[in-house]
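What follows is calculated from the coordinates using simple rules that are stated; it is not laboratory data. Worth saying up front: this structure is predicted, and the values here are computed from it rather than measured. For neighbour counting, all protein chains shown are included, and Cβ atoms are generated from backbone atoms with ideal geometry for every residue, glycine included.
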Amino acid sequence: MKIKKGDTVEVVSGDDKGQRGTVHRVIVGRKVIRGHTPKGVRVVGTNPEKDRLVVSGVNMVKKHQRRTGDVKTQAGIIEREAPMRVSNVAFVCPHCQKATRLGYQVLESGERVRICKRCRQTVD
Ligand SMILES: [Zn+2]
């Protein structure tokens, strides 16, 4: 996946279209087979179509939090970010501030860095 934790992204489809936020968490999609092991699930590799991101302040959902034994746990309805599909967001370039696509460039050192396809600047 080209998007990393800490990147700024813009939502390009759905109810939150146009909103921007910082990537909190990257969830790599896994290919799983169910019912083949005692645990019931076997992970057999990655599935980029299922890659998801948690973006700050975007895709908020209300969750009903049950009161637990812990007094500190807030009961009732709490709002939190739900993971969203990577295909629904676009990377926002820190140089040109535009939603853009990312490319890769290999430096002389052999290191591979991400570049903005609009302004060609390195974003790593
Ligand atoms: Zn740019």
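Summary table below
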item	result
GNM result for the chain, Cα springs below 10 Å: residue of VAL89, VAL11, VAL61 fluctuating most strongly	VAL61
The chain shape via C-alpha gyration tensor axes, a/c threshold 1.5	oblate
Longest exposed-site-free window of the chain, the sites being GluC sites (Glu not before Pro) in a DSSP loop that have at most 15 other C-beta atoms within 10 Å	1-107
Relative contact order of the chain, defined on C-alpha pairs under 8 angstrom at six or more residues apart (%)	21
Antiparallel bridges, percent of DSSP beta bridges restricted to the chain (to nearest 5)	100
Of HIS24, HIS95, HIS64, the one that fluctuates the most in a GNM where the chain has Cα springs shorter than 10 Å	HIS64
Fluctuation leader among LYS98, LYS62, LYS17 - the chain, Gaussian network, Cα springs under 10 angstrom	LYS62
Whole-Å distance, taken between Cα centres, linking the range 1-46 and the range 61-124	10
For VAL44, net neighbour charge (Lys/Arg +1, Asp/Glu -1) across residues whose Cβ lies under 9 Å away	+3
Stretch gain in nm, segment ASP124-ARG112, where the contour uses 0.36 nm per residue and the Cα spacing is subtracted	3.4 nm
Spin-label model distance (nm) - ARG25 vs LYS50, 7 Å beyond Cα toward Cβ	1.6
